[in-house]
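Okay, structure first, notes after.
The values are calculated or read from the model by the stated rules, or taken from the named source; none is laboratory data. All of these numbers come straight from a predicted model, not from anything done at the bench. Virtual Cβ from ideal backbone geometry, glycine too; neighbours counted across all protein chains shown. What goes into the accessible areas is simple: the full protein's heavy atoms, side chains included, and nothing from ligands, DNA or RNA. Shrake-Rupley method; radii C 1.70, N 1.55, O 1.52, S 1.80 Å.
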Amino acid sequence: MGFLSKKASASVNAGSSGGGYLQVSKLSDGGSVRFALLAAQPLEGYEVWASSPEGQSKPFRFDYEPTPEDITAELGDFEPREGRGGPGTVDIKFFVATPVYNFDAGSVQVLSLTQKSIIKELDQISQLDDYDDLLAWDFNLSKKGSGLLTEYTLRPVPRKKGSQEHIDAAWIEAKAAGFDITRLFTGANPFKAA
């Protein structure tokens, strides 16, 4: 038995944070997280990060590839983050988002990915006959390195014994509370009805 409770360990070690998001970029070097997908198809779109005049950062998501004019219209008073191309550029990233059950946190979270390596790996796994039902498997995502030298590894693993009823109960509770992942497109909380 570990020194910390599962919830405390998740707060310290896993890629989860407040607000119900599993943030893989927050995993420590050598860290990993186990999760189960809760939807057969992810939400797909494009995102741009921007900062308010007060310095608050948030993503703006689109269900289509936005033009610079679309971004300007949507951001309002927010300033887009400078892109990797230098001043005057904006990074528009393709993303997928899906509800997952995070075993460390013991709850439903949103996994939003822009890392192409993870998205490709998940898609490749989904193409294999042995994994035709991704909802029946758990996934272990690990991180090695940091910054531009970060490498992620995603592996399917058999469903953790005795966990299906906990997964089902958490998913039913989230949906009963009004979970709707499409609220990400409006900047709203996917866990609560407006």
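General observations
- Test item: Cα-centred dipole of the chain, Lys/Arg +1 and Asp/Glu -1 on Cβ, debye: 860
- Considering helices alone, the calculated mean residue ellipticity of the chain at 222 nm is -6500 deg cm²/dmol, with DSSP H runs of length four and up weighted by -39500 (n - 2.57) and normalised per residue.
- Between D29 and E173, the simple label model (points 7 Å from Cα in the Cβ direction) yields a spacing of 3.7 nm.
- For segment 39-194, the relative contact order is 19 percent, taking Cα pairs closer than 8 Å that sit 6 or more residues apart in sequence and dividing their mean separation by the residue count.
- Per-selection metrics, segment 80-191 (Cα): Rg and Dmax in Å: 16.6, 52
- Segment 39-184, accessible surface, carbon-and-sulfur percent (1.4 angstrom probe): 50
- Charge dipole (segment 75-124, unit charges on Cβ, about Cα centre) - positive-most of P99, L111, G85: G85
- Rg over Rh [alpha-carbon atoms, Kirkwood Rh] for the chain: 0.97
- In this structure the chain gives 59 Å² per residue of accessible area when probed at 1.4 Å with all protein chains present.
- Taking label points 7 Å from Cα along the Cα-to-Cβ direction, K120 and T182 give a separation of 3.2 nm.
- Pairwise Lys count, the chain - Cα closer than 15 Å, eight or more residues apart or different chains: 7
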